[in-house]
Amino acid sequence: MADKEKLTQALQAKKANMDDWYPEVILKSELADYSKVSGCIVLRPYGYAIWEKIVAVVDEKLKKMGVKNCYFPLLIPESLLAKEQEHVKGFTPEVAWVTETGNSKLDEKLAIRPTSETIMYDSYSKWIQSWRDLPLKLNQWNNVVRWEFKHPKPFLRSREFLWNEGHTVFASEKEAIKDSQEVLDMYHNFVEEYMALAGAKVKKSENEKFAGAVYSMSVECMMPDGKMIQGPDSHFDGQKFAKAYDIKFLNKDGKMEHAWQNTFAISWRMIGVLVASHGDDRGLVLPPKLAPIPVVIVPIYKDDTKKEVMKKAEEISKEMKKFGVHLDDREEYTPGWKFNEWELKGVPLRIEIGPKDIEKKSVVLVRRDTGEKSFVKMSELKDKVPEVLDAIQKNLFEKSKKFLEERTKTAKTYAEMKKLVDGNRVLVDFCNEPACEEKVKGELSAKTTGIPLDDKFNAAKGTGKCIICGKPATCKAYFSKSY
């Protein structure tokens with residue numbers, strides 16, 4: 001028996017206890033590990049493989065939208081960061097600074113990138129001179145540091161994280177608004193189609209919008225405990241940054257004017273949402289479209305049948321290569337141990353093959369999401385495997401959608417919201433004033449998690465009075481507890 005097999009492989013915590021289950025499943029599935037730097041994690045190959053899939057899909061979608069990739073420095077001079085005061089105010093508590101090198105003090109403090117508006121827009125002001133230079137649509141895949149002081153959780157809240165940050169510039173307000181909506185639609189499609197997560201498209205409240213934006217939109221997801229968490233976002237920045245960083249262009253009428261800008265991002269936080277939302281007491285449950293290994297083959301044999309079984313397993317593996325099949329041919333572990341490991345790692349579909357299966361010219365398929373077993377003829381595998389993978393993807397999404405719908409409530413009074421807000425998102429009439437939101441935060445430990453948007457990006461209108469202050473409601477908004 002291998003040394004590793006002597007270790008306790010099964011999860012000790014149950015998903016009902018998220019505080020213990022979540023970090024245990026992250027560590028034991030080998031997605032990530034803790035590091036010596038407080039609040040920072042090590043992304044292991046299995047976790048990085050999921051991130052690579054996210055990057056590949058989103059990057060392709062962005063490129064189809066005319067966005068090009070680039071890279072700007074990690075270090076940002078304090079003088080640049082200070083140019084847009086509202087933006088700086090939003091990030092100041094989280095900024096980590098470089099103040100010296102070797103034994104010498106720096107002439108100017110350098111911020112470790114909390115986000116790149118300031119350093120990118122200094123270059124934009126030089127590059128953009130005429131309407132012919134627009135639109136400018138650039139994106140970075142990079143890391144940022146935000147020195148948060150809240151309790152860190154792998155992927156969900158860490159001081160360093162990976163993301164994309166898009167920064168686009170347009171000649172007109174109309175173009176910029178249209179583009180920001182298309183970006184949010186793209187993210188929403190990705191979250192639902194690839195991550196199999198129900199996502200709510202919302203406009204952020206005045207209190208919750210991105211620092212420096214005119215308004216912010218996001219895709220919000222619900223975690224298993226009923227708390228909401230912000231996913232990818234898209235911000236319409238208007239001309240705020242253009243005026244702060246002197247991004248002007250000569251328009252078609254020969255007049256100088258400030259440009260219109262957007263920013264948008266998706267981070268590795270979505271890996272954490274994926275883990276928490278789909279996982280169970282046995283470990284990860286990954287949607288096929290993002291699983292590093294969508295299908296695993298586990299051969300079952302004894303010494304006298306090993307040659308025959310392995311030969312057939314290798315044949316099937318080669319035939320099914322395009323589906324991302326992995327043949328687990330390790331000899332030091334038992335089939336049962338392998339079953340447990342691949343279930344822990346969330347592999348969507350397992351193919352079991354033994355001597356009796358070869359006699360029947362069939363294999364056993366085992367779904368990770370339901371545990372359902374089925375016997376399939378080897379000759380039908382090429383058709384059956386993609387069919388089952390598709391069914392798993394759809395099932396995970398439908399479960400997520402149903403959960404979100406069941407935990408969405410409506411309240412007509414503050415007292416009613418108070419009873420419902422723990423474990424649900426609650427739709428109410430709201431004035432969109434920061435003071436009212438701060439009251440809810442202080443009394444209920446909840447906040448707005450967005451103003452609902454329809455498919456045409458119309459924000460839900462208020463139909464009565466704000467249930468918090470009694471003034472006329474300007475919108476309907478969701479309130480909930482959140483991460």
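The values are calculated or read from the model by the stated rules, or taken from the named source; none is laboratory data. Since we're looking at a predicted model, the values are computed, not measured. Here the Cβ positions follow ideal geometry from the backbone for every residue, glycine too, while neighbour counts run over all protein chains shown.
So the values come out like this:
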quantity	calculated
Any hit, region 472-481, residues being outside the structural domain of residue 229 (by TED's automatic domain parsing), more than 18 Å from residue 222 (Cα to Cα) and in a loop (DSSP other than H, G, I, E, B)	yes
Residue that is farthest from residue 390 (Cα to Cα) [pool: residues in region 306-360 that are touching a Ser or Thr at 6+ places or on another chain (Cβ under 8 Å) and small (Gly, Ala, Ser)]	354
Condition met for residue 139 (in the same structural domain as residue 165 (by TED's automatic domain parsing), on the phi < 0 side of the Ramachandran plot and either surrounded by fewer than 18 Cβ atoms within 10 Å (Cβ to Cβ) or acidic (Asp, Glu) (or both))	no
Selected residue (criterion: surrounded by the fewest Cβ atoms within 10 Å (Cβ to Cβ)) from residues of region 195-231 that are among the β-branched types (Val, Ile, Thr) and over 14 Å from residue 479 (Cα atoms)	214
Qualifying positions in region 287-319 - over 29 Å from residue 277 (Cα atoms) and touching a strand residue (DSSP E or B) at 6+ places or on another chain (Cβ under 7 Å)	299, 300, 309, 310, 312, 313, 314, 316, 317
Among (1) in contact with a Gly (Cβ under 6 Å, 6 or more places away or on another chain); (2) of a type outside the set (A, V, I, L, M); (3) in a strand (DSSP E or B), the one test that residue 192 misses	(3)
Whichever residue in region 432-459 is touching a Ser or Thr at 6+ places or on another chain (Cβ under 8 Å) and in a loop (DSSP other than H, G, I, E, B) and, among such residues, is farthest from residue 222 (Cα to Cα)	432
Region 15-26 - residue that is at pLDDT 95 or above, part of a helix (DSSP H, G or I) and more than 19 Å from the chain's Cα centre (by Cα) and, of those, surrounded by the most Cβ atoms within 10 Å (Cβ to Cβ)	21
Qualifying residue in region 252-263 (condition: under 30 Å from residue 127 (Cβ atoms), at pLDDT 95 or above, crowded, with 16+ Cβ neighbours inside 10 Å and β-branched (Val, Ile, Thr))	yes
Members of region 374-404 that are under 19 Å from residue 279 (Cα atoms) and either among the small types (Gly, Ala, Ser) or surrounded by fewer than 18 Cβ atoms within 10 Å (Cβ to Cβ) (or both)	390, 391, 394, 395, 398, 399, 400, 401, 402, 403
Which numbered condition residue 108 misses (of (1) modelled with pLDDT under 95; (2) touching a helix residue (DSSP H, G or I) at 6+ places or on another chain (Cβ under 8 Å))	(1)
Elements of type strands (runs of 3 or more DSSP E) contained in region 228-303, each with 2 or more residues being under 16 Å from the mean Cα position of the chain (by Cα)	228-238, 260-267
Options 200, 176, 259, 196: the member that is in contact (Cβ under 8 Å) with a residue 60 or more places away in the chain, of a type in the set (A, V, I, L, M) and on the phi > 0 side of the Ramachandran plot	196
Criterion: surrounded by fewer than 19 Cβ atoms within 10 Å (Cβ to Cβ) and either of a type in the set (Lys, Arg) or modelled with pLDDT of 95 or more (or both) - qualifying residue of 288, 335, 299, 348	335
Out of 148, 117, sole residue that is over 30 Å from residue 473 (Cβ atoms), charged (D, E, K, R) and buried (at least 23 other Cβ atoms within 10 Å of the Cβ)	117
Total residues in region 466-480, condition of a type in the set (D, E, K, R) and closer than 15 Å to residue 427 by Cβ	1
Exclusive hit being in the same structural domain as residue 147 (by TED's automatic domain parsing) and either within 23 Å of the chain's Cα centre (by Cα) or assigned to a helix (DSSP H, G or I) (or both), set 73, 93	93
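Conditions tested, residue by residue: (1) farther than 26 Å from residue 15 by Cβ; (2) touching a residue at least 12 places away in the same chain (Cβ under 8 Å); (3) not assigned by TED's automatic domain parsing to the domain that holds residue 191.
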{"residue": "289", "(1), (2), (3)": "no, yes, yes"}
{"residue": "314", "(1), (2), (3)": "yes, yes, yes"}
{"residue": "319", "(1), (2), (3)": "yes, yes, yes"}
{"residue": "322", "(1), (2), (3)": "yes, no, yes"}
{"residue": "331", "(1), (2), (3)": "yes, no, yes"}
{"residue": "337", "(1), (2), (3)": "no, yes, yes"}
{"residue": "348", "(1), (2), (3)": "no, yes, yes"}
{"residue": "356", "(1), (2), (3)": "yes, no, yes"}
{"residue": "359", "(1), (2), (3)": "yes, no, yes"}
